[in-house]
1. Report, by residue number, each residue of the range 164-182 that is within 16 Å of the ligand (Cβ to nearest atom) and over 19 Å from residue 277 (Cα atoms).
2. Residues of the range 206-223 being farther than 23 Å from residue 285 by Cα and touching a residue at least 12 places away in the same chain (Cβ under 8 Å), which ones?
3. Any idea which of 314, 310, 349 is touching a strand residue (DSSP E or B) at 6+ places or on another chain (Cβ under 9 Å), away from the ligand (no atom under 16 Å from the Cβ) and within 30 Å of residue 248 (Cβ to Cβ)?
4. Within the set of pairs 6 or more residues apart or between chains, which connect a residue that is under 13 Å from residue 120 (Cα atoms) and touching a residue at least 12 places away in the same chain (Cβ under 8 Å) inside the range 141-161 to a residue that is assigned to a helix (DSSP H, G or I) and away from the ligand (no atom under 16 Å from the Cβ) with Cβ atoms less than 6 Å apart?
5. Only one of these conditions is not met by residue 102: (1) surrounded by 24 or more Cβ atoms within 10 Å (Cβ to Cβ); (2) touching a strand residue (DSSP E or B) at 6+ places or on another chain (Cβ under 7 Å); (3) closer than 22 Å to residue 45 by Cα. Which number is it?
6. Within the range 142-163, identify whether any single residue is more than 22 Å from residue 99 (Cβ to Cβ) and either part of a loop (DSSP other than H, G, I, E, B) or more than 14 Å from the ligand (Cβ to nearest atom) (or both), and answer yes or no.
7. Identify the single condition in (1) within 15 Å of the chain's Cα centre (by Cα); (2) part of a loop (DSSP other than H, G, I, E, B); (3) buried (at least 24 other Cβ atoms within 10 Å of the Cβ) that residue 346 does not satisfy, given that it satisfies every other one.
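The values are calculated or read from the model by the stated rules, or taken from the named source; none is laboratory data. What you are looking at is a predicted structure, and each value in this text was computed from that prediction instead of being measured. Cβ placement follows ideal geometry from the backbone for every residue including glycine, while neighbour counts extend to all protein chains displayed.
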Ligand SMILES: [Zn+2]
């Protein structure tokens, strides 16, 4: 067999990307190495029967320069993701990275240690705990947190504690509400097909090398050991709930329907450290995973990141997650969260804008371009999700993908197409956005509806701040347009360049451009600039006609 080589077109595309991306920015390399304590050497984990379930040494080839056969951006990401060892996040918080697809985090308490997300397999989780103990002492595990219902965040739990210890109250297990139902649905109901497809998606059994598997973007690959589950003893149902385990104070934010159907972020207020679970990582994540899972909602995902910034931002000096390396410093951490948020909001809003203009999912995927600030942010690159398939996922989430047989709608659709071909476009006979519906919208829904109309590329260069003061309800909102994304939050109008004083009743008029009962304070040109980048949806878009 001959060794495969890159074609001229692949080499040219790789060279163009190398020139376009900021490869001289080495901040991620610094962060991925920061706080190194020690490593498992060699970084190989075996099952009881001797079978290798994790082999990070197989990625040593990544130390060299990027070959022609690998995308240089993915090569860089794999170099970062393949860095393994025990790392200090802040004194009291340690992570083992590079010992599975995900990270395992250790938070030191008064007497023992709390474990966040015990990897996929008992073997890798036990090896990580042993590495931690080797350097930090033989602390008992007094608590476990599952941040969400994906298997790489709980499967190794019996490698760090036992059902017996949990039953005896020596170890508490905390998870978001809905964790068990979703963990079961994903890994049992559709488990066979998803696991089979995951074998494709993560390439665990593929040969490593420049012509083979180089990493999976989110982590290098999946471990292949023993998967376990201990049912949680304590569920978090509401944002703002607090717990103290072994003297460790924690404050939770539940984020259902984001990266997982049951997920939560948590702040360690005494350590000024924010764990973002898998809601923000150093990649664009998946909205529809190749292994299969419910389509995720980028709208609520972005909203929850905004809430994280507002709720925890002024108490956070480092943000870490259950994949990839932390981001230190309040300004950098908040900048990172903001760009991650803008990424999901932009994909959602622009897909909806184009969908309402009559474009198909495939057309939107071809047309969409990220704003320069997102395109050049390393952590917004598509190592795990990608813009084109995420756009199609958003389309699918809202518009469905096909119709059932033996169905009257088939007949209607064929006849409607024939009618329009013969007689021309008949438009939209039933306008669903009726005045009554518009009046029933909450302010948040009105702002969402405006955000969806922002023409992204036209708005990239704009940075606008608008305060909205609703006299009758006493609510104040803050709207910020940046990176082509209009973000809204319940917050004092503050120093916004323009303040719109109106009532809840008059607010829907804004969507229709009606200014009755609306008073402007500050710079009125701000409203003009915003209206100038809003696109009106087209209820008459072509379906079968050219
Ligand atoms: Zn994960």
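1. Across the range 164-182, there are no qualifying residues.
2. First pass over the range 206-223, keeping only residues farther than 23 Å from residue 285 by Cα: 207-211.
Within the range 206-223, 208, 209, 210, 211 qualify.
3. So the residue among 314, 310, 349 that is touching a strand residue (DSSP E or B) at 6+ places or on another chain (Cβ under 9 Å), away from the ligand (no atom under 16 Å from the Cβ) and within 30 Å of residue 248 (Cβ to Cβ) is 310.
4. 156/122; 158/122; 159/122; 159/126; 160/129
5. Result: residue 102 fails condition (2) only.
6. yes
7. That leaves (2) as the condition not met.
Yes or no, residue by residue, for (1) surrounded by fewer than 18 Cβ atoms within 10 Å (Cβ to Cβ); (2) at pLDDT below 95:
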position: 148; (1), (2): no, no
position: 153; (1), (2): no, no
position: 183; (1), (2): no, yes
position: 189; (1), (2): yes, yes
position: 197; (1), (2): yes, yes
position: 206; (1), (2): yes, yes
